[in-house]
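Since the structure comes first, as structure tokens, the remarks are kept for the end.
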């Protein structure tokens, strides 16, 4: 039995509280979208699980979206199909109904990873794509020097890539996803060379790990970063990142082919 919050959120994060303004910071990044679309191969029917506001849904295929949070469903743009209110662990579809399935930035919030992945594989006869982060690499990012509890929370929540692979089965590949300097999708590592963005409350709110840290602790983290940006300390240590066109961080695309 999946316990759902007031707005329908089925994972550990409450998107009824933190989802406001999400799409202002979390837009699909074209470079990442291209990699996802390539991995979907020629699939004409695609299921998007934990679809949120619709980032990375291909526009040239028949997409079915599943999203339990009413707050996130309400932020889907008009050109996308409305999302169905359901959870990954109990998908209301027939076996093999879709040619491909995808889940982006969502598996770390599922109440039952094994059940959700098994459901995705059950309803999909072709490739299943999971965009997630490798928890073993999360804390190597410079933000760990400023907000260690935030990144420790991320590392705990993201499932091991081996667990994702085991849950999907089939022929597996794990692809590195490089992040461009001006990445439009504002997850923490997207700001690797634009640290000032993380001084914005909206940017932090759009990264659910910040919501698990006490407000006073988070404020201290932000103050530390603000001071180091003001006196040049951040730039002395990491300033080269401002000119680095791409960053290979923890972002990975797991692809399972039946």
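The values are calculated or read from the model by the stated rules, or taken from the named source; none is laboratory data. Computed from a prediction, not measured in an experiment: that's the story for all the values here. Heads up, the Cβs are rebuilt from the backbone with ideal geometry, glycines too, and the neighbour counts pull from every protein chain shown.
Given the structure, is residue 221 within 27 Å of residue 127 (Cβ to Cβ) and modelled with pLDDT of 95 or more?
Values: within 27 Å of residue 127 (Cβ to Cβ): no; modelled with pLDDT of 95 or more: yes.
Answer is no for this residue.
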Note on the stretch 239-258: residues assigned to a helix (DSSP H, G or I) and within 18 Å of residue 186 (Cβ to Cβ) are 241, 242
If we scan the stretch 237-258, do we find a residue that is over 22 Å from the mean Cα position of the chain (by Cα), over 18 Å from residue 27 (Cα atoms) and modelled with pLDDT under 95?
yes
In the stretch 142-165, which residues are surrounded by fewer than 17 Cβ atoms within 10 Å (Cβ to Cβ) and either more than 25 Å from residue 241 (Cβ to Cβ) or within 14 Å of the chain's Cα centre (by Cα) (or both)?
156, 160, 162, 163
The correct count of residues that are assigned to a helix (DSSP H, G or I) and either over 21 Å from residue 228 (Cβ atoms) or in contact with a strand residue (DSSP E or B) (Cβ under 7 Å, 6 or more places away or on another chain) (or both) in the stretch 172-201 is 2
Answer yes if at least one residue in the stretch 195-202 is surrounded by 13 or more Cβ atoms within 10 Å (Cβ to Cβ), under 20 Å from residue 152 (Cβ atoms) and touching a residue at least 40 places away in the same chain (Cβ under 8 Å), and no otherwise.
yes
Would you mention how many residues in the stretch 179-194 are over 14 Å from the mean Cα position of the chain (by Cα) and either surrounded by 15 or more Cβ atoms within 10 Å (Cβ to Cβ) or closer than 15 Å to residue 132 by Cα (or both)?
6
State all residues of the stretch 202-226 that are out of contact with any helix residue (DSSP H, G or I) (no Cβ under 8 Å at 6 or more places or on another chain) and part of a helix (DSSP H, G or I); if no residue qualifies, say none.
215, 216, 219, 220, 223, 224
